[in-house]
Amino acid sequence: MPELKDLPKMALRARARAYAPYSSFQVGAALLCDDGSVYTGCNIENAAYSVTCCAERVALFSAVSAGRRAFRAIAIAGGPAGDAPREHCAPCGVCRQALAEFADEELCVLLVRDENDVQMYRLGDLLPASFTKKAL
């Protein structure tokens, strides 16, 4: 069963499958569910940029469509196509909000430069005062 330590490698592998012909910025994500299953995603661009879907949301939406609703962690690796990631790639605001819909502020967010260089955050630190169902 995959563990937290396995997520960086899985995110890096997912990054290789990105479709990024416009930005040439490839991102991969690996989302660990409470039941131990992992869903990966890569960014998928479109000439109409608003149709583009980030790796984090691809992984999240794949998990949700498979019936998963509880998550422990997500690892994200991103950088220019053809190169290893040079920096840690944080999720965009839209992805942070999408994650907040299904995960609480304790979700572990791993930003991966390589398997040995990983920064760890809580979703609540990356998206303080998020808008959630509690507000409704």
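Tell me yes or no: at least one residue of the range 31-44 is part of a strand (DSSP E or B), open to solvent by 70 Å² or more (accessible area, probe 1.4 Å) and closer than 22 Å to Arg122 by Cα.
Scanning the range 31-44 turns up no residue that is part of a strand (DSSP E or B), open to solvent by 70 Å² or more (accessible area, probe 1.4 Å) and closer than 22 Å to Arg122 by Cα.
Let's see how each residue does on (1) out of contact with any Ser or Thr (no Cβ under 8 Å at 6 or more places or on another chain); (2) over 20 Å from Leu111 (Cβ atoms):
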| site | (1), (2) |
| --- | --- |
| Asp6 | yes, no |
| Ala20 | yes, no |
| Asp34 | yes, yes |
| Gly41 | no, no |
| Ile44 | no, yes |
| Val51 | yes, yes |
For the range 86-136, how many residues are assigned to a loop (DSSP other than H, G, I, E, B) and either without any contact (Cβ under 8 Å) to a residue 24 or more places away in the chain or among the aliphatic types (A, V, I, L, M) (or both)? 10
Has the range 18-26 got any residue that is touching a residue at least 12 places away in the same chain (Cβ under 8 Å), in contact with a helix residue (DSSP H, G or I) (Cβ under 9 Å, 6 or more places away or on another chain), within 19 Å of Leu126 (Cβ to Cβ) and small (Gly, Ala, Ser)? no
If we keep only residues of the range 45-63 that are surrounded by fewer than 17 Cβ atoms within 10 Å (Cβ to Cβ) and of a type outside the set (S, T, N, Q), then the residue nearest to Val118 (Cα to Cα) is Phe61
Considering only residues that are among the aliphatic types (A, V, I, L, M) and within 21 Å of Leu4 (Cβ to Cβ), look in the range 75-92 and name the one that is most open to solvent (accessible area, probe 1.4 Å). Ala90
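Hey, among the residues in the range 1-17 that are in contact with a helix residue (DSSP H, G or I) (Cβ under 9 Å, 6 or more places away or on another chain) and open to solvent by 10 Å² or more (accessible area, probe 1.4 Å), which one's modelled with the lowest pLDDT?
Pro2
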Can you say whether Leu7 is in contact (Cβ under 8 Å) with a residue 24 or more places away in the chain, part of a strand (DSSP E or B) and of a type outside the set (Asp, Glu), as far as the supplied structure shows? no
Using the structure shown, decide if Arg72 is open to solvent by 20 Å² or more (accessible area, probe 1.4 Å), touching a residue at least 40 places away in the same chain (Cβ under 8 Å) and not in a loop (DSSP other than H, G, I, E, B). yes
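Here are Ala59, Ala47, Ala29: which of them is out of contact with any Gly (no Cβ under 7 Å at 6 or more places or on another chain) and touching a residue at least 24 places away in the same chain (Cβ under 8 Å)? Write out each step before concluding.
Details: Ala59 fails: out of contact with any Gly (no Cβ under 7 Å at 6 or more places or on another chain); Ala29 fails: out of contact with any Gly (no Cβ under 7 Å at 6 or more places or on another chain).
That would be Ala47, the only listed residue that is out of contact with any Gly (no Cβ under 7 Å at 6 or more places or on another chain) and touching a residue at least 24 places away in the same chain (Cβ under 8 Å).
The values are calculated or read from the model by the stated rules, or taken from the named source; none is laboratory data. All values reported here derive from a predicted model rather than from experimental measurement. With ideal geometry, Cβ positions are generated from the backbone for all residues, glycine too; neighbour counts draw on all protein chains shown. Side chains included, ligands, DNA and RNA excluded: accessible areas come from the protein's heavy atoms. Shrake-Rupley method; radii C 1.70, N 1.55, O 1.52, S 1.80 Å.
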